[in-house]
């Protein structure tokens with residue numbers, strides 16, 4: 001049925017080629033490789049403009065071994081909706097007779113911000129497709145500018161750690177809940193450091209009809225400013241500090257899938273990343289406290305909601 | 001890298017790329033400053049390095065042991081960092 | 001293919017309804033559209049056809065025009081027949097995708113119910129939106145009446161999907177004047193009839209799990225211009241194929257279609273060039289003026305892009321003066337849009353008529369025989385180059 005117990009259960013075949021232009025240590029390629037393995041059978045990928053699209057398809061080369069289309073920045077969900085409709089017609093009207101997975105990828109820019117309208121429309125209309133947001137918490141491809149997904153206090157090129165304003169003043173939008181409350185059958189958060197959890201959520205999603213929204217935590221050594229070898233370590237700490245909880249909402253039932261009983265102190269996560277370094281200064285303690293409070297509130301909210309039979 | 005730049009008449013219609021996965025021709029191994037060195041005697045075939053290598057530079061062999069493909073490896077060091085038995089060490093390239 | 005007037009029904013429809021029937025008869029596969037006056041009836045009628053089971057298509061009620069064109073891009077890339085419709089602000093919103101659709105050679109057909117661009121907001125007819133698309137690589141047709149709107153949408157699918165063409169196509173119909181006016185027309189009995197002219201689409205490339213391709217890659221300085229050069233070559237090569245299809249359609253329908261229409265132009269001294277429904281008014285005006293002894297003639301374009309350069313140069317031979325009527329305005333340009341197309345086309349001709357630009361009808365301002373008379377008086381003043389007609393204060 002595709003679910004794995006050990007990493008060795010992950011299928012061997014690769015649908016994504018080496019020789020691509022992703023940064024050393026980039027967290028994006030993990031979601032690409034695993035989605036293409038976990039979703040069995042024919043699949044079509046729709047990509048928004050961003051790191052993933054640019055680093056994998058520099059003309060005349062492509063790292064993709066599956067059909068792939070990129071049209072614009074804010075319309076991955078809309079383009080995917082059109083493809084989904086086309087294959088419905090091909091099956092119904094022209095005897096095509098194949099179930100094709102339609103998978104749309106967008107960065108946090110193309111999903112949280114400029115792409116949120118197209119995403120919302122596609123979710124509301126109930127298309128049978130999967131939307132995966134690979135969230136590296138800024139507009140990385142254009143040079144590390146802040147997005148609605150950038151955490152509070154993080155330094156980006158448009159929210160620099162300045163003398164007067166130290167990093168991004170605003171917090172992070174909760175797009176997973178926004179997506180979920182379109183009343184879609186499945187949303188989940190994914191983190192590469194917890195690969196069995198991530199892979200099995202992909203398999204589960206691939207077997208559900210209707211719109212699925214997956215939020216993938218994407219470590220970015222270039223934008224977050226950390227040693228390229230620390231990608232997975234930082235991803236792990238994100239979960240262990242409860243900064244990035246791992247949960248799913250399946251037909252309205254919320255389940256925390258990796259319970260963190262004793263969270264690690266947030267400072268362990270922050271100190272490894274250049275984008276947070278200024279927060280460790282004493283004058284910025286209030287920001288760290290605000291972050292901790294937000295993390296705590298998020299966690300408690302998830303705990304409370306997980307006790308209900310359904311949240312929608 | 002060597003790339004015979006085509007004239008406009010030779011390009012496929014609709015601006016498509018019709019050779020799936022042809023990035024395999026690109027030697028990204030030239031990027032690295034550090035290279036991973038594997039000690040096979042310490043490898044427990046957990047496949048963590050194969051799962052996490054962003055560059056698909058770790059090949060999974062029949063028996064789930066691994067082999068590093070230096071043509072693509074960009075030297076990020078994730079494999080060495082994550083290996084539970086420290087079977088992989090990063091050494092300076094060119095030394 | 002023989003004339004099939006006997007398999008057509010005489011009826012009365014407004015322009016929007018006619019367009020909806022055309023897409024229905026063309027057995028379109030995927031429709032994605034967002035309502036905007038004066039196109040709303042197209043969208044509503046098509047939803048009815050789908051919901052009543054008359055048209056087996058996927059109708060995607062998208063949440064914006066940008067998503068409308070994006071969705072049909074995805075569907076067209078998957079190899080099916082696609083249709084959308086919009087106007088004015090909606091076209092402006094989907095603007096970036098126009099260029100993408102053409103570059104990716106997707107044979108999408110769009111009906112444009114020509115409407116003025118804001119501000120101030122005006123829902124009536126101007127050709128701002130039609131002109132806005134003219135650089136983007138879409139084939140553009142102009143309908144003069146409701147019959148043409150119906151016919152051109154059907155023909156547009158054949159044109160767009162032809163393997164030697166494979167570019168998206170717009171059919172313009174004047175907002176409200178055609179979109180909301182009921183006119184008599186012939187429509188085919190149904191999809192079976194149209195299928196003889198318009199068989200199932202055979203895409204030149206498509207998203208196919210059995211044959212994976214990458215569509216829409218990133219091209220840097222080392223490739224972009226070659227890709228555009230190839231696209232330009234392909235677009236410039238389309239006219240003979242478009243003409244062949246229009247000839248076939250003329251036989252099929254019993255109504256003649258070609259790139260341009262000429263009326264009383266052969267011995268005319270003064271020609272009038274116009275796009276869209278005003279051609280109907282001007283035909284009546286030209287006939288009346290001829291009775292008064294004015295040696296006038298009319299040219300109207302059915303095909304606007306690619307600009308029918310050869311037909312046009314031929315049509316204006318012998319004219320002393322050509323009055324170019326623009327239902328739009330290009331701020332800061334020496335003249336309005338159609339004038340600039342014409343001036344460029346005629347510049348190298350050894351003999352060419354004097355050109356005069358007339359701006360008319362913006363925002364649905366009526367152009368009738370009285371406005372025409374005002375135009376006649378103004379264009380005959382010495383030294384006139386650019387005038388507005390039908391404007392209080394001018």
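The values are calculated or read from the model by the stated rules, or taken from the named source; none is laboratory data. This structure is a prediction, so every number in the text was calculated from the model and none was measured. Every residue, glycine as well, gets a Cβ built from its backbone with ideal geometry; the counts of neighbours run over all protein chains shown.
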Filtering segment C:229-261 down to residues that are within 14 Å of chain B (Cβ to nearest Cβ) and in contact (Cβ under 8 Å) with a residue 60 or more places away in the chain, which residue is farthest from residue C:159 (Cα to Cα)? C:231
Flag if residue C:56 is assigned by TED's automatic domain parsing to the domain that holds residue C:166, at pLDDT 95 or above, within 25 Å of residue C:197 (Cβ to Cβ) and surrounded by fewer than 24 Cβ atoms within 10 Å (Cβ to Cβ): yes
Could you list, in sequence order, all residues of segment C:136-158 that are closer than 19 Å to residue C:89 by Cβ and over 10 Å from the mean Cα position of the chain (by Cα)? C:136
Within segment A:88-113, residues being touching a strand residue (DSSP E or B) at 6+ places or on another chain (Cβ under 7 Å) and closer than 16 Å to residue C:77 by Cα number 7
Before we move on, is residue A:8 at pLDDT below 95 and more than 7 Å from chain C (Cβ to nearest Cβ)? no
Which count do you get for residues in segment C:207-228 that are assigned to a loop (DSSP other than H, G, I, E, B) and under 18 Å from residue A:100 (Cβ atoms)? 7
Name the single residue, out of those in segment C:75-108 being at the interface with another protein chain (Cβ under 7 Å from one of its Cβ atoms) and in contact with a strand residue (DSSP E or B) (Cβ under 7 Å, 6 or more places away or on another chain), that is surrounded by the fewest Cβ atoms within 10 Å (Cβ to Cβ). C:104
Could you tell me whether segment C:36-54 includes any residue that is part of a helix (DSSP H, G or I), over 24 Å from residue C:189 (Cα atoms) and within 14 Å of chain A (Cβ to nearest Cβ)? no
Considering segment C:182-219 alone, what residues qualify as being more than 7 Å from every other protein chain (Cβ to nearest Cβ) and within 15 Å of residue C:79 (Cα to Cα)? C:199, C:200, C:201, C:202, C:203, C:206, C:210, C:211
Can residue A:88 be described as facing chain C (nearest Cβ under 8 Å), more than 27 Å from residue B:8 (Cα to Cα) and modelled with pLDDT under 95? no
Exactly one of (1) touching a helix residue (DSSP H, G or I) at 6+ places or on another chain (Cβ under 6 Å); (2) facing another protein chain (nearest Cβ under 10 Å) is unmet by residue A:39. Its number? (2)
Of B:53, B:79, B:73, B:46, which residue is at pLDDT 95 or above, within 10 Å of another protein chain (Cβ to nearest Cβ) and in contact with a strand residue (DSSP E or B) (Cβ under 6 Å, 6 or more places away or on another chain)? B:79
For residue A:311, all conditions in the list (1) buried (at least 20 other Cβ atoms within 10 Å of the Cβ); (2) touching a strand residue (DSSP E or B) at 6+ places or on another chain (Cβ under 6 Å) hold save one; what is the number of the exception? (1)
